[in-house]
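A short write-up of the structure that comes next.
We did not get these values from a lab; they are worked out from the coordinates using the rules stated. The shown structure was predicted, so the numbers you read here are calculated from the model rather than taken from an experiment. So basically every Cβ, Gly included, is an ideal-geometry build from the backbone, and we count neighbours across all protein chains shown.
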Amino acid sequence: MTPVSTGKNEEQPELTGRQRLAAGLWPPRATRAQLIVALLLFGLGLGLAIQVNSTSDNGTLRGARQEDLVRILDELDDRSARLEDEKQRLTDQRTELESSSDQAEEARKQTLEKERQLGVLAGTVGAQGPGITLTINDPHKSVEADRLLDTIQELRAAGAEAIQINDVRVVANTYFSEEGGSIQVDGKKIVAPYRFKVIGKPQDLEPALNIPGGVVQTLEKEQATAVVQRLEKIVVNALRPAKRPDYARLSPQ
């Protein structure tokens with residue numbers, strides 16, 4: 001006869017030890033602590049592998065004779081000394097180049113500054129700075145070329161560094177002349193009012209023109225008027241062409 005189920009749970013067969021071990025290992029159920037331990041073990045194994053590799057690389061030196069080790073050490077010392085000497089040589093060379101570069105730059109700056117100063121004196125470059133303006137009105141045409149030349153001399157004696165009359169630059173070899181009742185400066189005709197632009201120390205230039213018996217009083221006696229004004233910035237922009245001397249040459253040092 002066929003057995004009939006009674007509806008009660010039938011007893012499960014008892015598992016063997018191997019079956020219980022397999023059930024515990026699969027599926028894996030790793031805890032956080034187990035993961036940390038696994039990572040630590042992995043790191044430890046990696047470190048041991050690196051150490052073994054390093055020990056293997058140094059095996060040759062460990063097996064070398066004392067004489068060979070001394071020779072290798074001497075070679076390393078010599079190489080280190082050569083490298084240190086090369087480093088010092090390159091450092092000295094760099095310092096020398098930097099010093100030469102600084103000296104060359106300083107020489108270039110001094111040359112440019114000297115060129116600028118000479119250009120101002122020669123009238124080949126413009127100039128600006130503190131100074132005065134002098135405006136001479138001559139309604140009766142009584143002012144002569146000699147009076148303007150005396151004015152230039154007074155200004156130079158007072159320390160004028162750059163002078164311009166109307167649109168003519170005054171330099172060391174500037175001359176005044178009269179032709180047909182008109183005044184000429186370096187061969188160029190100028191007419192009143194005569195406007196002087198002078199760069200220099202205003203505290204010296206203005207008193208030099210206003211001293212008793214000086215330029216201003218002399219012009220007033222000649223029925224002309226002279227107005228002097230101090231300014232913080234005077235621009236002298238009339239230029240003269242650079243001219244090479246016909247005979248003068250630089251002398252050897």
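Worth pointing out:
- Remark: region 103-253 carries a charge dipole of roughly 500 debye about the Cα centre, counting +1 on each Lys and Arg Cβ and -1 on each Asp and Glu Cβ.
- Amide hydrogen neighbours beyond the local backbone of Ala162, cut-off 5 Å, H modeled: Ile199
- Global form of region 127-236, assessed from the alpha-carbon gyration tensor, a/c cut-off 1.5: oblate
- Integer Hz, Karplus 6.51/-1.76/1.60 couplings in order for region 149-160, x for Gly and Pro: 5, 4, 5, 4, 5, 5, 5, 5, 5, 8, x, 5
- Full extension of the chain between Glu113 and Arg89 yields a length gain of 5.1 nm, computed as 0.36 nm times the residue separation minus the alpha carbon distance.
- Simple Cβ-charge dipole of region 179-227, Lys/Arg +1 and Asp/Glu -1, about Cα centre, in debye nearest 20: 180 debye
- Label positions at Asp186 and Ser101, each projected 7 Å from the Cα along the C-beta direction, are separated by 4.2 nm.
- When the listed pairs Lys141/Lys233; Lys114/Lys233; Lys109/Lys243; Lys109/Lys188; Lys109/Lys233; Lys114/Lys201 are checked against a 27 Å cut-off, the alpha-carbon distance exceeds it for Lys141/Lys233; Lys109/Lys188.
- Cα-based shape type of region 113-152, given that a ≥ b ≥ c are square roots of the gyration tensor eigenvalues and the cut on a/c is 1.5: prolate
- Nearest-0.05 FRET efficiency for Thr225 and Gln203, computed from C-beta distance (R0 25 Å): 0.60
- Here Lys197 is the anchor, and the aspartates and glutamates within straight C-alpha reach of less than 18 Å, apart from those fewer than 8 places off in the same chain, are Asp138, Asp150, Glu154, Glu161, Asp167, Asp186, Glu206, Glu232.
- Dipole of region 127-236, positive direction: furthest Cα of Leu149, Leu219, Ala127, with charges on the beta-carbon: Ala127
- Region 95-145, dipole about Cα centre (Lys/Arg Cβ +1, Asp/Glu Cβ -1), debye to the nearest 20: 380 debye
- Neighbour net charge for Asn137 - beta-carbon separation under 12 angstrom, K R +1, D E -1: -1
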